[in-house]
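Data block below; observations after.
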Amino acid sequence: MQLIKQTVLLTGATSGIGRHLAGKLHELGNQVIVCGRQPEPLAALATQYAGLATYVCDVSDPTHCAAFAHWATSTYPHLNVIINNAGVMQVLDLTQAVDLTKVTTEIATNLLAPIHLISLLASHLQQQPEAAILNITSGLAFTPLASVPVYSATKAALHAFTMCLRHQLRATAVKVFEIIPPAVETNLGHADHYDRSNDHPLSVAAFVEAMLQVIESDTYEVGIGAAEGLRQQREALFPLLNP
Ligand SMILES: NC(=O)c1ccc[n+]([C@@H]2O[C@H](COP(=O)([O-])OP(=O)(O)OC[C@H]3O[C@@H](n4cnc5c(N)ncnc54)[C@H](OP(=O)(O)O)[C@@H]3O)[C@@H](O)[C@H]2O)c1
């Protein structure tokens with residue numbers, strides 16, 4: 001599928017992959033609709049890219065998701081692509097009691113929100129001549145990183161969900177992609193002082209370029225860069241990733 005002249009809803013565009021992707025999609029002539037929790041970076045995006053639509057939304061809150069989906073489809077009835085990109089990653093020490101509120105938010109953001117947005121928009125997408133759902137998972141969905149256990153689990157669950165979704169939509173015009181990033185140079189995990197020193201991250205620009213090529217070639221599930229090894233070899237790589 002070519003992401004040109006489409007109407008694209010993208011979650012989590014205030015930083016990192018989402019921010020760069022929003023600009024790139026806008027430059028390619030798409031109508032881009034983005035959300036995030038922080039109003040200032042959203043306003044900056046709207047100023048930088050004329051016509052780009054923004055909506056302040058905490059996707060971990062189902063009422064926000066429902067309001068966002070309703071606003072997006074009523075304002076942009078040609079909406080035909082959703083990209084579930086918003087995500088958080090927490091470092092968790094499982095030898096101690098964990099903060100269940102933070103864990104709940106991590107699951108709500110990374111897993112429940114994509115499921116909810118897809119269920120809210122599935123009928124709308126099926127009414128479009130061409131449509132797509134893109135879920136951003138992670139190489140860690142296949143080979144978990146022990147220091148971020150709930151994050152790895154949410155991405156594994158989103159992978160399973162995406163396979164089921166693709167199967168259920170196989171007779172429709174809605175294409176279902178799973179984009180599997182490797183380590184990418186963003187702020188993911190910074191709030192928890194996640195140590196990136198051994199990650200060898202890809203630049204955001206290189207990642208977004210590779211991601212757009214994957215979509216254009218209608219490759220529905222593929223790991224980008226080092227993530228393809230994690231996808232194919234799965235738990236066999238666990239000891240290497242977690243020395
Ligand atoms: N960077 C990597 O190494 C890597 C590797 C594999 C997969 N990924 C995945 O790539 C995606 C993007 O992450 P990133 O690396 O670009 O991280 P990032 O720079 O931290 O960006 C995360 C984005 O998600 C948004 N977000 C977080 N919680 C949200 C919420 N409750 N409601 C709405 N928006 C929310 C943030 O916006 P606000 O703060 O404004 O809400 C921000 O725009 C995530 O799904 C992540 O799991 C990243």
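The values are calculated or read from the model by the stated rules, or taken from the named source; none is laboratory data. These numbers come from a predicted model, not from an experiment. No Cβ is skipped: glycine too gets one built from the backbone with ideal geometry, and neighbour counts run over all protein chains shown. These accessible areas exclude ligands, DNA and RNA; they are computed on the full protein's heavy atoms, side chains included. Shrake-Rupley method; radii C 1.70, N 1.55, O 1.52, S 1.80 Å.
Could you calculate the contour length gain from Thr219 to Gln232, that is, 0.36 nm times the residue separation minus the distance between their Cα atoms, to one decimal place in nm? Don't skip to the answer; put the middle values down first.
On the way: separation 13, 0.36 × 13 = 4.68 nm, distance 1.53 nm.
Between Thr219 and Gln232, full extension yields 3.1 nm more.
With a cut-off of 20 Å, note down the residues of region 63-97 whose backbone N falls inside the zone around a label point 7 Å from the Cα of Gln127 toward its beta carbon. Answer for region 63-97: 65-83.
For region 67-139, what is the accessible area per residue in Å² when the probe is 1.4 Å? Walk me through the intermediate numbers first.
Numbers: 3180 Å² over 73 residues.
Accessible area per residue, region 67-139: 44 Å².
Here the accessible area of region 7-241 is 57 percent carbon and sulfur, with a 1.4 angstrom probe and all protein chains present. Backbone amide hydrogens, once placed in the peptide plane, bring Ala132 within less than 5 Å of Val81, Ile82, Lys175, excluding anything fewer than 5 places away on its chain. In the chain, helical runs assigned H by DSSP with n ≥ 4 each contribute -39500 (n - 2.57); averaged across all residues and rounded to the nearest 500, the mean residue ellipticity at 222 nm is -13000 deg cm²/dmol.
Computed on the Cα trace of the chain, the radius of gyration divided by the Kirkwood hydrodynamic radius gives Rg/Rh = 0.94.
Remark: spin-label model distance Glu40-Asp99 equals 2.1 nm, labels positioned 7 Å along the Cα→Cβ axis. For region 152-243, the equivalent ellipsoid derived from the alpha-carbon gyration tensor has semi-axes of 26, 17, 13 Å in decreasing order. Each 5 Å bin from zero holds the following percent of Cα-Cα pairs in region 49-173: 2, 10, 19, 20, 18, 14, 9, 5, 2, 1, 0.
Sum up the charges of everything whose Cβ sits under 12 Å from the Cβ of Ala191, counting Lys and Arg as +1 and Asp and Glu as -1, but leave Ala191 out. Neighbourhood net charge equals -1.
By the Cβ distance rule (another cysteine Cβ under 4.7 Å), the unpaired cysteines of the chain are Cys65, Cys164.
Ranking His26, His200, His70 by solvent-accessible area of protein heavy atoms (1.4 Å probe, all protein chains present), from largest to smallest, gives His200, His70, His26. Each part reduced to its alpha carbon centroid, region 66-83 and region 132-162 end up 25 Å apart.
Let's test the formula: R0 of 30 Å, r as the Cβ-Cβ distance of Asn242 and Cys164. What FRET efficiency results, to the nearest 0.05?
Working: r = 28 Å, r/R0 = 0.94.
Efficiency for this residue pair is about 0.60.
Each residue of region 67-80 was assigned a 3J(HN,Hα) from its phi angle through the Karplus expression (A = 6.51, B = -1.76, C = 1.60, θ = phi - 60°), giving 5, 4, 4, 5, 4, 5, 6, 6, 7, 10, x, 8, 3, 9 Hz with x at Gly and Pro.
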